[in-house]
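The values are calculated or read from the model by the stated rules, or taken from the named source; none is laboratory data. No experiment lies behind these values; they were computed from the predicted model shown. As a convention, Cβ positions derive from the backbone with ideal geometry for all residues, glycine included, and neighbour counts pool all protein chains shown. In case anyone asks, the SASA skips ligands and DNA or RNA and just uses the protein heavy atoms, side chains included. Shrake-Rupley method; radii C 1.70, N 1.55, O 1.52, S 1.80 Å.
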Amino acid sequence: MDTILNYIAGKFVPSSSDHFIPNINPARGEAYSRIPDSNADDVNLAVEAASMALPIWSKMPLEERAGYLDKIADGIEARLEEFCRAECVDTGKPLQLTEQVDIPRSIQNFRFFASAIRQFSSESHLDASSLNYTRRDPVGVVGLISPWNLPLYLLSWKIAPALAAGNTVVAKPSEVTPMTAFMLCKVMEEIGLPQGVFNLVHGSGPSTGEALVGHPRVKAISFTGGTSTGKRIASVAAPQLKKLSLELGGKNAGVIFADADYDKALARTVRSAFTNQGQICLCTSRLLIEESLYPKFRDDFVSRVRTLKVGDPLNRQTDQGAVVSEAHFNKVLSYIELAKSEGGKILTGGKPAKAESGWFIEPTVIEGLPMESRANQEEIFGPVVTLMPFKSEIEALRLANSSIYGLASVVWTSDLNKAHRMAERLEAGIIWINTWMKRDLRTPFGGMKASGMGREGGLEALRFFTEPKNVCIEF
Ligand code: NDP
């Protein structure tokens, strides 16, 4: 069985407790590697290493620092196949998804921020008697915490801007999907990243993660994960007045108007509902369909969903792999039972998929649930969507906004004015019109309401990972 190790001060080390946590392959339901069960002492060592490396890294000429990010991208690319396969095995998601999305996008994240920091500039303001200019200095040692659904993709989305801006890093990936983060450390070692600039500690959220959040020398926390964990992290970080970026849960609406490009809306909505078994914070889990279109769209949607192939994630024909863990499998199934008890009618799916082992769930479509039902309000984060008809634009808006969350919304219409009106009134940080998951790395990314605080991406990320200091000089 492979042993994953922490990466501290440029060395691979076990936890000081010498305890390990099993790492499970969700498609097999069995352990295939183990990770260190790190504690506050390990976090302390990592923060110390990051503090030691800070003066050199933060003062390194920009071109040299950006060059390291390019080398990290090249290093992942050189092992592309290995990374794609490892992400597939560790998460249970289809290999084709890791090849098309997870790993290429992780590489792009490093390339993008290597380039963005070369273009990054700060403001200056001039009047008759004075000049103000704003320095953008690194924050210091920063803590990065990521979830299990897009392991390397979301972690690299934080590491790249943090390092580019001159910070040193202590990162903690999810204990459920640690493998590609471990492999990334090997890339860091291979390219000769100065020791201590990047450190990674594995372990559970409440022990390892919380020790990182609470560490007094960690100046900023960038977190992606569930809303309740985000609240807990805020309660630990806020009394120390740390900078905090929280990317949290979602319950996203997909709104399909009768005037939409039907074929495109149908095909993409199947993707937006079920990509990665519905385990993407941006997935549309509540589909609102204009009443005149509802019966046809529902029937065609259900027929398409029935053609999705559930099975071995390593098989390139597979559309739907396993969900990430046994605990999550049970959680998703319990929500399907809840939906039934709340009056929902299962149109397809609704039970575990046939498999020799592992945690597979049939893609599930439910109708007939009121918007206030728990199944329509709480984040299920699995291959489960609900369908609901609406009569008017106003009603579509009311239903879409009837959620504590506000991460993403998708609108399908060919009426440009309607699209703009919806975009203005939908309560979400990301609005897609006639598309889904299209990304431009320069744009702000994140949610409102219970979906988070702050934005990642482009300049927003570089601003988060720098401390603005204004200097005023009188002539
Ligand atoms: P969790 O909130 O359970 O965990 C996220 C990370 O936080 C993990 O590394 C976890 O460690 C760690 N953690 C848990 N408790 C603490 C703590 N007390 N202090 C510090 N760290 C802690 O989320 P999941 O991993 O279950 O991911 C799914 C969630 O992430 C969904 O709600 C989804 O919507 C959200 N998400 C949001 C995105 C966005 O951009 N808004 C993008 C992707 C996902 P461990 O795993 O070891 O417990």
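How big is D, in µm² s⁻¹, for segment 325-475 by Stokes-Einstein at 37 °C and 0.692 mPa s if Rh is the Kirkwood radius over C-alpha pairs? Walk me through the numbers on the way to the answer.
On the way: Rh = 18.3 Å.
The estimated diffusion coefficient comes to 179 µm²/s.
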On a 0 to 90 degree scale, rounded to 10, what angle separates helix 262-274 from the longest Cα axis of the chain?
60
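Using the heavy atoms of the protein chains alone and a 1.4 angstrom probe, what is the accessible area of segment 316-367 per residue in square angstrom?
Working: 2410 Å² over 52 residues.
I get 46 Å² per residue for segment 316-367.
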Distribution output for segment 282-396: share of Cα-Cα pairs per 5 Å bin in percent, first bin at 0, values 2, 11, 21, 23, 20, 12, 6, 3, 1, 0
Vicinal HN-Hα couplings computed from phi for segment 176-190 (Karplus, 6.51 cos²θ - 1.76 cosθ + 1.60; Hz; Gly/Pro x):
6, 9, x, 5, 6, 5, 4, 5, 4, 4, 5, 5, 4, 5, 4
In Å, what is the Rg of the alpha-carbon atoms in segment 389-435, and how long is Dmax?
10.0, 28
Gain in length, HIS19 to ALA238, computed as 0.36 nm per residue apart minus the alpha-carbon separation, to one decimal in nm?
75.8 nm
Under the rule a/c < 1.5 gives rounded, and otherwise a/b versus b/c splits prolate from oblate, where does segment 75-217 land using the Cα gyration tensor?
prolate
Starting from the Cα gyration tensor of segment 141-190, take the square roots of the eigenvalues, sort them a ≥ b ≥ c, and report rounded, prolate or oblate (rounded when a/c is under 1.5, otherwise prolate if a/b is larger than b/c, else oblate).
oblate
Straight-distance crosslink candidates among aspartates and glutamates, where the alpha carbon sits under 13 Å from LYS354 and sequence neighbours closer than 8 are dropped
ASP312, GLU362
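Pick out, in residue order, every one of the GluC sites (Glu not before Pro) in segment 80-152 that is DSSP loop and has at most 10 other C-beta atoms within 10 Å; say none if there are none. Intermediate values should be presented prior to the final figure.
On the way: sites: GLU81, GLU82, GLU87, GLU99, GLU123; in loops: GLU123.
When the GluC sites (Glu not before Pro) of segment 80-152 are filtered for loop state and at most 10 Cβ neighbours within 10 Å, GLU123 remain.
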How would you rank 430-436, 163-169, highest first, on the average number of other Cβ atoms within 10 Å across their residues?
163-169, 430-436
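Can you give me the accessible area per residue for segment 1-132, using a 1.4 Å probe, in Å²?
Working: 6120 Å² over 132 residues.
Using a 1.4 Å probe on heavy atoms only, each residue of segment 1-132 averages 46 Å².
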Calculate how many DSSP beta bridges within segment 122-272 are antiparallel, expressed in % of all such bridges and rounded to the nearest 5.
15
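ALA267 to TYR32: FRET efficiency via 1/(1 + (r/R0)^6), r the Cβ-Cβ distance, R0 30 Å, to the nearest 0.05? Walk me through the numbers on the way to the answer.
Details: r = 35 Å, r/R0 = 1.17.
About 0.30, to the nearest 0.05.
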Residues of segment 151-301: accessible area per residue with a 1.4 Å probe, Å²:
27
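Which of the GluC sites (Glu not before Pro) across segment 359-406 are loop residues per DSSP, with 10 or fewer other Cβ within 10 Å?
Values: sites: GLU367, GLU372, GLU378, GLU379, GLU393, GLU395; in loops: GLU372, GLU378, GLU379.
Those satisfying the criteria are GLU372.
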Amide H contacts under 5 Å for GLY358, restricted to residues at least 5 apart in sequence or on another chain and with H modeled in the peptide plane, are GLY29
Violating pairs (Cα-Cα greater than 21 angstrom) within the set LYS242/LYS438; LYS11/LYS186; LYS172/LYS242; LYS186/LYS243; LYS251/LYS449; LYS93/LYS296:
LYS242/LYS438; LYS186/LYS243; LYS93/LYS296
About the Cα centre of the chain, what is the dipole size in debye to 20, counting +1 per Lys and Arg Cβ and -1 per Asp and Glu Cβ, all else neutral?
500
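Could you work out what % of the accessible surface of the chain is carbon and sulfur, using a 1.4 angstrom probe and leaving DNA, RNA and ligands out of the count? Before the final figure, lay out the partial values.
Details: 9960 of 18950 Å².
Its accessible area is 53 percent carbon and sulfur atoms.
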In the chain the DSSP beta bridges are antiparallel at a rate, in percent to nearest 5, of 40
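Mind running the shape call on the chain? Use the C-alpha gyration tensor, a ≥ b ≥ c as the square roots of the eigenvalues: rounded below 1.5 for a/c, prolate if a/b tops b/c, oblate otherwise. Kindly include the intermediate steps, with their values, before the conclusion.
Numbers: a/c = 1.99, a/b = 1.34, b/c = 1.49.
Oblate is the answer for the chain, as a/c is 1.5 or above yet b/c matches or exceeds a/b.
Applying a 10 Å radius around every beta-carbon, put 303-314, 319-330, 253-264 in order of their mean neighbour count, most first. The partial results should precede the final answer.
Values: 303-314: 17.0, 319-330: 21.6, 253-264: 19.1.
So the order, starting with the most tightly packed, is 319-330, 253-264, 303-314.
Can you tell me which of 47-53, 218-224 comes out highest on packing, and rank the rest after it, using the mean Cβ neighbours within 10 Å?
218-224, 47-53
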Cα pairs beyond 22 Å in segment 232-353, in percent, come to 48
Using a Förster radius of 41 Å, what is the FRET efficiency between HIS420 and ASP137 based on their Cβ-Cβ separation? Nearest 0.05, please.
0.55
Amide H within-cut-off set for ASP137, under 5 Å, with H built and near neighbours excluded:
GLU467, LYS469
